[in-house]
Amino acid sequence: MTYPLLTLTTDFGLRSPYVAAMKGVVLSINPAARIVDLSHGIPPQDLLYCSFFLKNALGFFPPGTIHVVVVDPGVGTARALLCVEAAGHLMLVPDNGCWTEWAALAPSPPRVWQLTEKRLWRSEVSATFHGRDILAPVAARLSLGAPPSELGTPVESYVQLALPTPRLTPERWEGEVLFVDDFGNLLTNLPGAELFIKSKQIANIHIAGRLVTRWVRAYDEAERGTLVASISSGGHLEIAEVQGDAARRLGAAPGTPVVVEFEGGGTPERTRLE
Amino acid sequence: MTYPLLTLTTDFGLRSPYVAAMKGVVLSINPAARIVDLSHGIPPQDLLYCSFFLKNALGFFPPGTIHVVVVDPGVGTARALLCVEAAGHLMLVPDNGCWTEWAALAPSPPRVWQLTEKRLWRSEVSATFHGRDILAPVAARLSLGAPPSELGTPVESYVQLALPTPRLTPERWEGEVLFVDDFGNLLTNLPGAELFIKSKQIANIHIAGRLVTRWVRAYDEAERGTLVASISSGGHLEIAEVQGDAARRLGAAPGTPVVVEFEGGGTPERTRLE
Amino acid sequence: MTYPLLTLTTDFGLRSPYVAAMKGVVLSINPAARIVDLSHGIPPQDLLYCSFFLKNALGFFPPGTIHVVVVDPGVGTARALLCVEAAGHLMLVPDNGCWTEWAALAPSPPRVWQLTEKRLWRSEVSATFHGRDILAPVAARLSLGAPPSELGTPVESYVQLALPTPRLTPERWEGEVLFVDDFGNLLTNLPGAELFIKSKQIANIHIAGRLVTRWVRAYDEAERGTLVASISSGGHLEIAEVQGDAARRLGAAPGTPVVVEFEGGGTPERTRLE
């Protein structure tokens, strides 16, 4: 009942032969593999961005999907390569923590193996392209039905990405921008589900020296050009400009602080959203 | 005889998890669906651009293809979502008119349904991502053989996009740039088949304060750097710079006026092209 | 034993309907064709770039793969269109030499046919889009099992791309940048396997008025921001900035000269790399 669905997520961009080479390696070993491009536009070596991407994308795929993720600032160093089993999916990924936020959404903890079975790798392994020489051939074996336990040895510890966590004080939420999408919408690390505190009113949102006062459910509730706050489709506080580019307008980028300020008020603020 | 071919056209870009999420939703419902990326580079919320794209791309696909198009400035508002049957294809698309120019090429009028059967949608529908929560699952059902009539109720009226139409006077054709491709070639709304009037000679083409006087069939008929006019592979007047970028050189963009000026002459001008 | 795997490599970019149209034409003729996007980001009409791309990507695909390559500055002129058989692969490509560097890696010389059988083309052939009107339908026939000999007539001569070849003097290697990847890494035409001359020591690498003195096997051996030299995963001298963008930092681009200067020394320099 395994589907040979194999997704690719990289920071390789589309002008270089790297993605093509990986696809060739997979299809040479399993010509029936069904490769699905997720993105090759992760910003170079940006693990936080990759983590956010994976958390918001992978959960929609069916159990049995194999994910190959290559954002790998440490390529060629002694960092391990992992096979992760989480939420019924398998992932092949460098040991850099970009996957742990995704795996934490699963009901049970991940199982992790370090790739050590060199006979499953390409016979010549370069120092700078483990995606092609190790991850791609191993993914092809998985898609042919090899169990993770054949790829290497189980490990109990692995790198955890230091995620910027939002901070709640009596006066406000303090978070930051995690991700800017191609529309220029700013996705923050402030979780929509926890943003509204029963005894607090939200007064203003501060970002990049500006106030955002307008909450919407859909962008079109406000005029073109208005800065608005909403809960994103992924469940985070999102700052957007209606039919515009909030990132450009505010000069905001991943890391830009976002503060949600409470009033002294009493009734649940949730209603403002509806 | 339905093929489970399912194309995706969006303005989501490639850095965000939105396209990946849609693919995951489709493959979760129909793991055998064959997804074909057409473009995720439609300029954000640009319905005219999308209309031109669809008109020039979809006709080459086989009957039975399912197209999912998500360029959706009105997401989350009361705008309807449609299933369109035209030219033997099916399309799922917000009711914003970006599809009507394509459908007008078909010999018979389109049949249109509004998506109302919520049991076919994802159980939780966000306010800002109907592509993932409504269109993707419905497309997967279509690819499994569900007929459009099961998706919702037939409708007779829908949004028509206001297309900039060219204007013919005794002295000239007046049109505009519709589309700039990745080479910087300028595709206009002046239809090649009607451009050459029997009793008129074309004297000059005016665009962005410049004259274009050279007609070619293929770019290489003129020297590198020459501004040339030709009839595009899609049948429109096209302005290009040989081995260069006409958009950058002229500072032209969608909306830039283009005037084709007639001489007083007599013989059919068509010959200039051959 | 032919797989209907069909790869696409073009300079069309992703904002225009050209790639979509080609996919539609292929799938209309062979709905079971499995299309694999290699890249649509080859810089417009850049044959050297395309040659480098193909050489570094195609060899990883299984025998029987069909490659369609459309980088075609001469579209619409009298230049021929070719079917090339090399290394057990088939390629459809304009006669512009972008494929010969790839084919030269094969143990036996290529077999080449000129496409002349017009009954296999689209019934109407435009002057500016032979990818859609000739190469795509012919590729679909190949994927259905048509032998190359049915497509046209064998030819013995074809365009050879003038490749910038590196020059070895007693004092140094002289080469140039061929390719810049999306990380800003500079791939040169200096072959890693021949760079280290038994009786010579490498003193410095000169590029864009700067010295590069640090050799690494993996980028992470040096501090962030260091300019480093290494042998690329494709076997060429590569100049990179650790976790940075060497192209931007050096203002380097394809064509930028690179000089590898020898010392007078004696022991083989190869050891510096290990």
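The values are calculated or read from the model by the stated rules, or taken from the named source; none is laboratory data. The structure displayed is predicted, hence computed values, not measured ones. Backbone-built Cβ (ideal geometry, glycine too); neighbour counts: all protein chains shown. Quick note on the areas: whole protein, heavy atoms, side chains included, nothing else; ligands and nucleic acids left out. Shrake-Rupley method; radii C 1.70, N 1.55, O 1.52, S 1.80 Å.
Miscellaneous remarks
- Restricting the first member to region A:101-113 and to residues that are within 15 Å of A:Leu54 (Cα to Cα), and the second to residues that are in a loop (DSSP other than H, G, I, E, B) and open to solvent by less than 80 Å² (accessible area, probe 1.4 Å), the beta-carbon pairs closer than 6 Å and six or more apart or on different chains are A:Ala103/A:Pro110; A:Ala106/A:Ala87.
- A:Asn189 being assigned to a strand (DSSP E or B) and surrounded by 17 or more Cβ atoms within 10 Å (Cβ to Cβ): yes
- When residues of region B:202-216 are limited to those that are more than 9 Å from chain C (Cβ to nearest Cβ) and of a type in the set (Val, Ile, Thr), the one farthest from C:Asp46 (Cα to Cα): B:Ile202
- The single condition among (1) more than 9 Å from chain C (Cβ to nearest Cβ); (2) open to solvent by 30 Å² or more (accessible area, probe 1.4 Å); (3) outside any helix (DSSP H, G or I) that A:Leu6 does not meet is (2).
- Single condition B:Ala20 does not satisfy, out of (1) open to solvent by less than 40 Å² (accessible area, probe 1.4 Å); (2) free of Cβ contacts under 8 Å to residues at least 12 places away in the same chain; (3) in a loop (DSSP other than H, G, I, E, B): (3)
- Selected residue (criterion: least open to solvent (accessible area, probe 1.4 Å)) from residues of region C:192-201 that are away from every other protein chain (no Cβ under 14 Å) and assigned to a helix (DSSP H, G or I): C:Leu195
- Test: residue in region C:132-140 that is over 24 Å from C:Pro191 (Cβ atoms), within 14 Å of chain B (Cβ to nearest Cβ) and open to solvent by 10 Å² or more (accessible area, probe 1.4 Å): yes
- Reported count of residues in region C:70-79, each being farther than 15 Å from C:Leu161 by Cα and out of contact with any Lys or Arg (no Cβ under 7 Å at 6 or more places or on another chain), is 4.
- Considering the conditions (1) away from chain A (no Cβ under 14 Å); (2) touching a strand residue (DSSP E or B) at 6+ places or on another chain (Cβ under 9 Å); (3) buried (at least 20 other Cβ atoms within 10 Å of the Cβ); (4) farther than 19 Å from C:Tyr49 by Cβ, C:Tyr219 is excluded by exactly one of them, (1).
- Meets criteria (open to solvent by 30 Å² or more (accessible area, probe 1.4 Å) and more than 7 Å from every other protein chain (Cβ to nearest Cβ)) for B:Leu14: no
- The single condition among (1) open to solvent by less than 10 Å² (accessible area, probe 1.4 Å); (2) under 18 Å from C:Pro154 (Cβ atoms) that C:Thr100 does not satisfy is (1).
- Residue in region A:44-67 that is at the interface with chain C (Cβ under 10 Å from one of its Cβ atoms) and open to solvent by 10 Å² or more (accessible area, probe 1.4 Å) present: yes
- Qualifying residue in region C:141-150 (condition: assigned to a helix (DSSP H, G or I), open to solvent by 20 Å² or more (accessible area, probe 1.4 Å) and either of a type in the set (Lys, Arg) or without any contact (Cβ under 8 Å) to a residue 24 or more places away in the chain (or both)): yes
- Within region C:40-61, the set of residues being under 21 Å from C:Lys23 (Cα atoms) and more than 11 Å from the chain's Cα centre (by Cα) comprises C:His40, C:Gly41, C:Pro43, C:Pro44, C:Gln45, C:Phe61.
- When B:Ser123 is tested against (1) of a type outside the set (D, E, K, R); (2) within 14 Å of chain A (Cβ to nearest Cβ); (3) open to solvent by less than 10 Å² (accessible area, probe 1.4 Å); (4) without any contact (Cβ under 8 Å) to a residue 60 or more places away in the chain, exactly one condition is not met: (3).
- Any hit, region A:26-34, residues being assigned to a strand (DSSP E or B) and either within 20 Å of A:Leu115 (Cα to Cα) or open to solvent by less than 30 Å² (accessible area, probe 1.4 Å) (or both): no
- Residue match in region C:230-244 (condition: open to solvent by less than 70 Å² (accessible area, probe 1.4 Å), more than 14 Å from chain A (Cβ to nearest Cβ) and either out of contact with any strand residue (DSSP E or B) (no Cβ under 7 Å at 6 or more places or on another chain) or farther than 29 Å from A:Gly41 by Cα (or both)): no
- Boolean, C:Ser157 is small (Gly, Ala, Ser), modelled with pLDDT of 95 or more and open to solvent by less than 60 Å² (accessible area, probe 1.4 Å): no
- The one condition from (1) more than 27 Å from A:Gly184 (Cβ to Cβ); (2) within 14 Å of chain A (Cβ to nearest Cβ); (3) not basic (Lys, Arg) that B:Gly74 does not meet is (1).
- Filtered residue count, region A:68-85, keeping only those that are touching a residue at least 60 places away in the same chain (Cβ under 8 Å), of a type in the set (A, V, I, L, M, F, W, C) and either farther than 25 Å from C:Gly244 by Cβ or open to solvent by 10 Å² or more (accessible area, probe 1.4 Å) (or both): 4
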